[in-house]
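Bear in mind that the values in this text are calculations on the coordinates, not laboratory data. Predicted model, so just to flag it, every value in this text is computed and none were measured. Neighbour counts are summed over all protein chains in view; Cβ atoms, including those assigned to glycine, are modelled from backbone coordinates with ideal geometry.
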Amino acid sequence: MRVFTDLSQLPTFRNAVVTIGSFDGVHLGHRRILERLQSLAHQNDGESVVITFDPHPRTVLKPDDATFKLLTTTEEKIALLAQAGIDNVVVAPFSLEFSRQSALHYVEDFLIQKFAPRFIVIGYDHRFGTGREGDIGFLKKFEKTAGFEVVEISAQEVDEIAVSSSKIRKALEISDIVLANRLLGHPFSFTGEVVTGNKIGRNIGFPTANLEVADPHKLILPEGIYAATVGAHKAALYIGKRPTLSPNGKRVIEVNILDFEGELYGQNLTVEVLDFIRPDKKLDNLEDLKKQISADRAEIVSRLNQMQDGGQWTADIRSGAARSKIQGPRSDVAVVILNYNTRRHLEQFLPSVVANSPGARIIVADNGSPDDSMEFLRKQYPGVELIDLQQNWGFAEGYNRALKQVQAEIYVILNSDVAVSPNWLEPILTAMKNDPTIAVVQPKILAWKEVSTLNPKPSTNLAAEALSKESHQFEYAGASGGWIDQLGYPFCRGRIFSQREADHGQYDTPQECFWASGAAFFIRAELYHTFSGFDGDYFAHNEEIDLCWRLKRAGYSIWCIPQSVVWHLGGGTLEYENPRKVFLNFRNSLYSLLKNEPWGKLLWLIPARLLLDGLAGARFAVKGQFRAIWAIVRAHFSFYGNFRLMCRKRQEGFQIIEKQKIAPKNEKGIYPGSIIVAHYLRRVKVFSKL
């Protein structure tokens, strides 16, 4: 492979098949593009050319963003591209001046003049030139005059590639090395120069090489012990501040090559990291430290021997056979129940939550209940944490205020009228640990009314009793995962409008959906706060759809994991056709459209919703529910009265999404047609028939 770093010294490429990108990590998503590049080059007797940049564009355009870290340095990237079989790599110097050139200048003076491409392989959303004025349509205008053909990478492929990069970074940030390596298709590695240390390791019988990583943007793993290799040698990697030896020490990177003796000072070592062993911790004395190091070495040898297959350290990684060993500590999971005047629900349902959530913090946040809920909890459940919010803030703002006071990795937002099954936490927490791009998950939600006659008294075995039933109906609020149609009407896998299905296991496959039910809502705490949580102006209803929508627009995914099962009373706090609930549902649905849909769509969607909501009012009239009709009218007046406020929130949301985006917007879980037409005209009653 040829490598060029001087644009003035480029050769004349033969039928160049060109692609352009940062290619950080050269991961499995990138490999698909590279394979297409090589295939086109072979078919046209040409050369594959990868154009990448140094320094990484983000470090130039956002120099103050200390959070961005590289999976691969330029040198590491070049080595991986060589392994992939690319013919030529051009490392173009990236600067503010380069980024500010016009799209025309970029195409004519950079791409055409320097590369004379036969094919340009590029993503559908690729932008270039000052102000990002150039796009794939602009590039295609030059096809005839310049003699090249643009090969477009589909939206789905670009989405997968972007998500893959973010998955890898986030996996590495929580030390899930096995998952990161599986997505990379090769071991995560780094190179450092061996520098002089304080030789403490040598003095206690475990000599280590202290490494100094030169590139300040290179991702450094969290503090802890890792199984690694250096060349063909097994190695123990330590990253930390040596708390047992130096309470106020600085972070060091040390590698103990297990079967090697000799001096390494001044050499550059490449360390391939294959598994995480444990976090760093302070020990009582030097003797305890020696024992711990010996135990770590034994565990590292065991892990590496399991991975080794015919001398190929990465065989398990590439085959996907290796499984992540990182399990989330239950102390980082907080089950938070918002209560308002529902002692009767706490008395009936809380026992199952306490019994079936071992290790998790259980917190009840009280919205100023006038009943004796708080007194009951203090006497009967001293182990349950209490937050007194003093007044009724509603569901949305109540959770916002409560969760500001809760430190955890995962929040489990749970209704007070929900019973949970044994082991309900594990399937969801495992899924979230294995895929850092999953933002929100819900369990399968079944209707409690189907089992409430089994035992009317408080019991820790309610869930087990419920399981004894042969079948149940899905619950209205969430069922087996929330979907939405093109008009913004929500429905579920297992429930379309008021038509609920019986659960016979037909939706027991985990599925990515569009929204998750607020009745049992698992969310990463960091994302909850970063995306401003629920919109407090919703008070209640649809706030979870709005939050999920914002997360989906930033590229995150929402899932239902049916292996976790809960039972929801449904209507336990407010009946489904209560005029107050009708008002909130219709108004908040319009709020969510205004905050999340593009303006071009809203121009026809809002009038269409006005018409369709009018038809819904006519349906209420047929049923004699005239207060519900007035609730719909009030909902529309409230929406128009708060139009400017929601526009302001729309803009604030866009700013957060652009800053936090990990991928193009995720549209999985959107039904391409109208659920109204499907249900009322085509008479579709079950989700599987859509």
Under the Karplus relation 6.51 cos²θ - 1.76 cosθ + 1.60, θ = phi - 60°, what is the ordered set of whole-Hz ³J(HN,Hα) values for region 370-382, x standing for Gly and Pro? x, 7, 9, 4, 5, 5, 4, 5, 4, 7, 8, 9, x
Scanning the chain for GluC sites (Glu not before Pro) in DSSP loops with at most 10 other Cβ atoms within 10 Å, what's the longest stretch left with none? 1-260
Relative contact order of the chain, pairs being alpha-carbon contacts under 8 Å that are 6 or more residues apart, as %: 10
Cα centre as origin, Lys/Arg/Asp/Glu Cβ charges: region 84-196 dipole, Debye: 40
Chain lengthening between I670 and W604 when straightened (0.36 nm per residue, less Cα-Cα): 21.9 nm
Within a 10 angstrom radius of the beta carbon, how do V60, V273, V49, V150 rank from fewest other beta carbons to most? V60, V150, V273, V49
What distance in nm separates the two pseudo spin-label positions at K290 and D508, each 7 Å out from Cα along the beta-carbon direction? 5.5
Putting +1 on Lys and Arg Cβ atoms and -1 on Asp and Glu Cβ atoms, find which of L645, I174, S39 reaches farthest to the positive end of the dipole of the chain. L645
How would you rank T72, T67, T270, going from fewest to most other Cβ atoms within 10 Å of each one's own Cβ? T67, T270, T72
Using amide H atoms built in the peptide plane, which far-off residues or other-chain residues are under 5 Å from S416 H to H? L338
Whole-Hz couplings from phi, Karplus 6.51/-1.76/1.60, listed for region 252-257; x for Gly and Pro: 10, 10, 10, 10, 9, 7
Please compute the contact order of region 20-102 in relative form: average sequence separation of alpha-carbon pairs under 8 Å and at least six residues apart, divided by the residue count, as a percent. 42
Just for the chain, what percent of DSSP beta bridges are antiparallel, to the closest 5? 55
Give a residue-ordered list of calculated ³J(HN,Hα) values for region 673-690 (Karplus: 6.51 cos²θ - 1.76 cosθ + 1.60, θ = phi - 60°; whole Hz; x for Gly, Pro). x, 10, 5, 5, 4, 4, 7, 8, 9, 8, 6, 7, 9, 10, 4, 5, 8, 5
What residues have an amide H closer than 5 Å to that of I120, excluding those fewer than 5 places away on the same chain, when H is modeled at 1.01 Å from N in the peptide plane? V18, E149, V150, V151
Quick one: putting +1 on the C-beta of Lys and Arg, -1 on the C-beta of Asp and Glu, what dipole do you get for region 1-102 around its Cα centre, in Debye to the nearest 20? 240
Residue exposure sequence - L551, L221 - by fewest surrounding Cβ within 10 Å: L221, L551
Let me have the 222 nm mean residue ellipticity of the chain computed from DSSP H runs of 4+ only, each contributing -39500 (n - 2.57), with the sum over all residues rounded to the nearest 500. -10500 deg cm²/dmol
Treating only Lys and Arg (+1) and Asp and Glu (-1) as charged, each at its beta carbon, one finds that region 174-319 has a dipole about its Cα centre, in Debye to the nearest 20, of 320
Nonlocal amide H pairs with D503, under 5 Å, H built at 1.01 Å: H472, Q473, F474
